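Participant: Before anything else, here's the structure in question.
The values are calculated or read from the model by the stated rules, or taken from the named source; none is laboratory data. Note that the structure is a prediction, hence the values are computed from the model and not measured. Cβ placement follows ideal geometry from the backbone for every residue including glycine, while neighbour counts extend to all protein chains displayed. Calculation scope for accessible area: heavy atoms of the full protein, side chains included, ligands and nucleic acids excluded. Shrake-Rupley method; radii C 1.70, N 1.55, O 1.52, S 1.80 Å.
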Amino acid sequence: MQQPDPKEIMILNRIVVFSVIVLFIIIAAIYLLFVSGKTGQYSDFEDYIFGTYVRIRISSKVNPSTISKAIFNEMKRLEKKFDPYIESSIIYKLNHSEDWVEVDDETLSVIDLALKIARDTEGAFDPALGRLIQLWGFSKFTEREATGTFTVPSASEIAEAASKSGYQKIAIDYVNKKIKTNGAWIDLGGILKGYALKRAYQIAKEFDKSCHGFVETGGQIMILGPKYNKTHWVIGVRDPRGQPGENITIVYLSEGSIATSGDYERFFIVDNVRYHHILDPRTGYPANKAISATVIAGDPVIADAFSTAAFVLGEDRWLFTRTVFPKYGAEVLLVTPKKQLLRTDNFRIYEMSDR
């Protein structure tokens with residue numbers, strides 16, 4: 001019987017060792033891609049911006065702290081630029097000028113988009129209610145809440161402020177990049193958080209296209225990527241008449257944004273009547289045909305603005321909401337004053353964990 005060649009045995013052993021190493025590398029890669037991160041993978045960051053807490057949960061091959069810092073800095077820039085009550089802001093300048101004001105491209109784009117959404121929602125979302133918001137005291141809600149100095153404006157005061165409000169008054173000169181408010185006061189509170197979340201997503205993906213997690217601000221969430229890069233995030237929709245932590249339904253998201261507008265956050269009570277910050281442009285009073293409206297959309301700006309619009313339209317104009325809003329990528333869950341749940345046709349899809 002012929003003895004094996006020692007050189008052939010050595011080559012065979014090397015092939016076996018090499019194969020084992022390659023197999024180990026493949027297994028390790030699979031582990032890192034699909035398993036790693038179930039404990040300790042995500043980093044959490046928090047800051048106070050837009051009068052609320054902003055929370056970032058992120059996993060990335062890039063330093064998560066670097067990404068979060070860039071996002072927070074961008075949000076603080078937007079807050080300073082678009083706060084109507086900061087004298088150095090462009091919105092303050094627009095609101096306190098009787099003439100045309102030249103603006104930069106970003107300002108023109110954001111206000112133009114806000115006006116478009118106002119038209120698309122037949123004025124249910126209105127970015128020019130600043131005078132009414134100030135009259136009701138919601139522009140300085142935290143200070144008034146601390147001192148308990150809320151009062152209900154008179155009907156004549158509301159009528160006067162309403163007569164000087166409305167998106168129809170805002171004029172844009174696209175050629176010269178100028179805007180004129182014609183006495184109305186712009187307040188982008190119903191769209192700014194959505195825009196900030198859109199910028200947060202863009203910034204995160206510029207650092208790392210494969211990062212995942214979410215950014216949350218003021219009850220709105222923007223998904224950066226699926227949980228553990230493969231499963232849905234489980235998000236509770238708050239019961240508007242329950243305690244914090246009590247949910248009226250659960251949704252499952254791996255992408256897109258969800259926003260809720262409700263009468264349970266910024267409100268005060270006088271003579272057993274609840275007055276909240278979501279004003280009906282048609283009346284000048286807080287809208288009263290819903291107690292919360294949740295919108296899921298791919299675009300966080302749509303989710304933010306359309307949740308306000310859905311709340312204002314309420315149950316009386318549910319047919320309009322159900323028919324029109326999905327055309328703009330907005331799926332809606334409306335809770336009526338009697339806690340009836342109204343859903344657009346595809347909202348239930350997001351309530352299915354096994355989809």
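Participant: Hey, got the dipole for the chain? About the Cα centre, +1 on K and R Cβ, -1 on D and E Cβ, debye to the nearest 20?
Facilitator: Working: 43 positive and 43 negative charges, 127 e Å.
Dipole about the Cα centre, nearest 20: 600 debye.
Participant: While we're on this one: Tell me, what is the per residue accessible area of the chain in Å², probe radius 1.4 Å?
Facilitator: Details: 18380 Å² over 355 residues.
Each residue of the chain exposes 52 Å² on average to a 1.4 Å probe.
Participant: Restricting to DSSP H runs of at least four residues, report the calculated mean residue ellipticity at 222 nm for the chain, -39500 (n - 2.57) per run over all residues, nearest 500 deg cm²/dmol.
Facilitator: So the calculated ellipticity at 222 nm is -11000 deg cm²/dmol.
Participant: So, one more: Please turn the phi angles of segment 91-107 into ³J(HN,Hα) values with the Karplus equation 6.51 cos²θ - 1.76 cosθ + 1.60 (θ = phi - 60°), one per residue in order, whole Hz, x for glycine and proline.
Facilitator: So the J values, rounded to whole Hz, are 5, 4, 5, 5, 5, 10, 10, 9, 10, 5, 10, 6, 10, 7, 4, 5, 4.
Participant: Let me cross-check His277: its accessible surface, 1.4 Å probe, with only protein heavy atoms counted, in Å² to the nearest 10?
Facilitator: 40 Å²
Participant: Let me have the relative contact order for the chain, percent, based on Cα pairs under 8 Å that are six or more residues apart.
Facilitator: 15 percent
Participant: Another question, if that's okay. When the solvent-accessible surface of protein heavy atoms is calculated with a 1.4 angstrom probe, in what order do Ser307, Ser163 fall, highest first?
Facilitator: Working: Ser307 0, Ser163 70 Å².
Reading off the accessible areas and sorting them downward yields Ser163, Ser307.
Participant: How large is the charge dipole for segment 46-173, taken about the Cα centre, if only the Cβ atoms of Lys, Arg (+1) and Asp, Glu (-1) carry charge, to the nearest 20 debye? Walk me through the numbers before you get to the answer.
Facilitator: Working: 16 positive and 21 negative charges, 120 e Å.
The calculated dipole for segment 46-173 is roughly 580 debye.
Participant: Find the relative contact order for segment 280-324 and round it to a whole percent, using C-alpha pairs within less than 8 Å whose residues are 6+ positions apart. Don't skip to the end; give the middle numbers.
Facilitator: Numbers: 32 pairs, mean separation 17.8, N = 45.
With pairs under 8 Å counted, the relative contact order is 40 percent.
Participant: Provide the three semi-axes, in whole Å and in decreasing order, of the ellipsoid equivalent to segment 213-355 as defined by the square roots of 5 times the Cα gyration tensor eigenvalues.
Facilitator: For segment 213-355, the ellipsoid semi-axes come out as 26, 17, 13 Å.
Participant: With springs only between Cα atoms under 10 Å, which of Tyr85, Tyr167, Tyr48 fluctuates most in a Gaussian network model of the chain?
Facilitator: Tyr48
Participant: Follow-up. Note the direction-averaged projected area, equal to a quarter of the hull surface, for the Cα convex hull of the chain, in nm².
Facilitator: Here the figure is 25.5 nm², rounded to one decimal.
Participant: Roughly how many Å² of Met352 are accessible to a 1.4 Å probe, to the nearest 10?
Facilitator: 90 Å²
Participant: What order do Asp345, Asp173, Asp44 take when sorted by accessible area (1.4 Å probe), most exposed first?
Facilitator: Descending accessible area places them as Asp345, Asp44, Asp173.
Participant: So what does Tyr252 come to for accessible area, using a 1.4 Å probe and Å² rounded to 10?
Facilitator: Its heavy atoms expose roughly 50 Å² to the probe.
Participant: For the chain, modelled as a Gaussian network with Cα springs under 10 Å, which listed residue fluctuates most, Lys227, Lys209, Lys289?
Facilitator: Lys209
Participant: If you look for lysine pairs in segment 34-122 that are eight or more places apart or on different chains, how many of them have Cα atoms under 29 Å apart?
Facilitator: So the count works out to 14.
Participant: Continuing with this model, one more query. How large, in percent, is the carbon and sulfur part of the accessible surface of the chain at a probe radius of 1.4 Å?
Facilitator: Values: 9630 of 18380 Å².
So the carbon and sulfur contribution to the accessible surface is 52 percent.
Participant: Ignoring ligands, DNA and RNA, how do Trp233, Trp185, Trp100 rank by accessible area with a 1.4 Å probe, largest first?
Facilitator: Ranked from most to least accessible, the order is Trp100, Trp185, Trp233.
Participant: Something else about it: Just to be sure I understand: with springs between alpha-carbon atoms less than 10 Å apart, which residue in Lys327, Lys177, Lys198 has the highest mean-square fluctuation in the Gaussian network model of the chain?
Facilitator: Taking springs between Cα atoms under 10 Å, the residue moving most is Lys327.
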